[in-house]
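Heads up, the thing below is written out as structure tokens.
Bear in mind that the values in this text are calculations on the coordinates, not laboratory data. Given the structure is predicted, the values throughout are model-derived calculations rather than measurements.
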Amino acid sequence: MSAPSRTTTPRLLLTRPVPGDLEKVHALLADPLVWEHFPALRHTDVAQTAGMLERQQRQWDADGLSTWVARASTGEDAGELLGVGGCSVRDDHDDPVWNLSYRFHRHAWGQGHAQELIAAARAAAEHRRPELPVTAYLLEHNAGSRRAAERAGLHLVWRGPDAGNPDPDAVRLVYADRDLTQRTLAFVTEQG
């Protein structure tokens, strides 16, 4: 049973990405303002974004759910790409989890769009594979993402060094909708 590849929230239209989204998704992910909390992840080449969208298409095909493109569905901005996000399965270890992620244009921050997308993503993940925990990885200094995870009902399950981050002082937080096994927690904290 797959989750819908198109869904709506009160103010967002969430759709499975299509090749025609590449340019706008790349503009979002190449914007330094969007990566304020983790500049090393900014997309510097359109091929990087194309590769990400191809991986997401494979996830949609395999799992029936992955990242959506989020567009405004109301008002004068209707149709404008505001961000990307959703839940995708991380099954590259023994205990798969849903990875909740989202990224919005800076001008869309602080307006509740993340909460709408998170609620839709969690509902879709619960519909698709309820046995898998929903997790979110974020950097401690990203207060907005912390608040979003907590408002969404996720709780802090781990705090520690951010493996692989070029900033040696970076601290990763892992949030989840339930307790994680030690094996899963070890994987998500070492591999992120």
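Express the relative contact order of segment 98-192 as a whole percentage, based on alpha carbon pairs under 8 Å and six or more residues apart in sequence.
Normalised by residue count, the contact order of segment 98-192 is 27 percent.
Restricting to DSSP H runs of at least four residues, report the calculated mean residue ellipticity at 222 nm for the chain, -39500 (n - 2.57) per run over all residues, nearest 500 deg cm²/dmol. Numbers along the way, then the final one.
On the way: 5 runs with 62 residues, N = 192.
Calculated mean residue ellipticity at 222 nm is -10000 deg cm²/dmol.
Note on segment 85-192: Kirkwood hydrodynamic radius from all Cα pairs is 14.2 Å, rounded to one decimal.
The spread of Cα positions in segment 37-81, taken along each principal axis and listed from longest to shortest, comes to 32, 30, 20 Å. The value of relative contact order for segment 6-191, using C-alpha pairs under 8 Å at least six residues apart, is 18 percent.
Considering the convex hull of the alpha carbon atoms of segment 91-142, report its projected area averaged over all viewing directions, in nm², one decimal.
The number I arrive at for segment 91-142 is 4.6 nm².
Over all distinct Cα-Cα pairs of segment 1-105, the Kirkwood formula returns a hydrodynamic radius of 14.4 Å.
Along its principal axes, segment 6-191 has C-alpha extents of 46, 36, 30 angstrom, given from the largest down.
Beta bridges assigned by DSSP with both partners in the chain are antiparallel in approximately 95 percent of cases.
Between segment 86-115 and segment 173-192, the alpha-carbon centres lie 15 Å apart. Using every pair of separate Cα atoms, the Kirkwood estimate puts the hydrodynamic radius of segment 122-176 at 12.1 angstrom.
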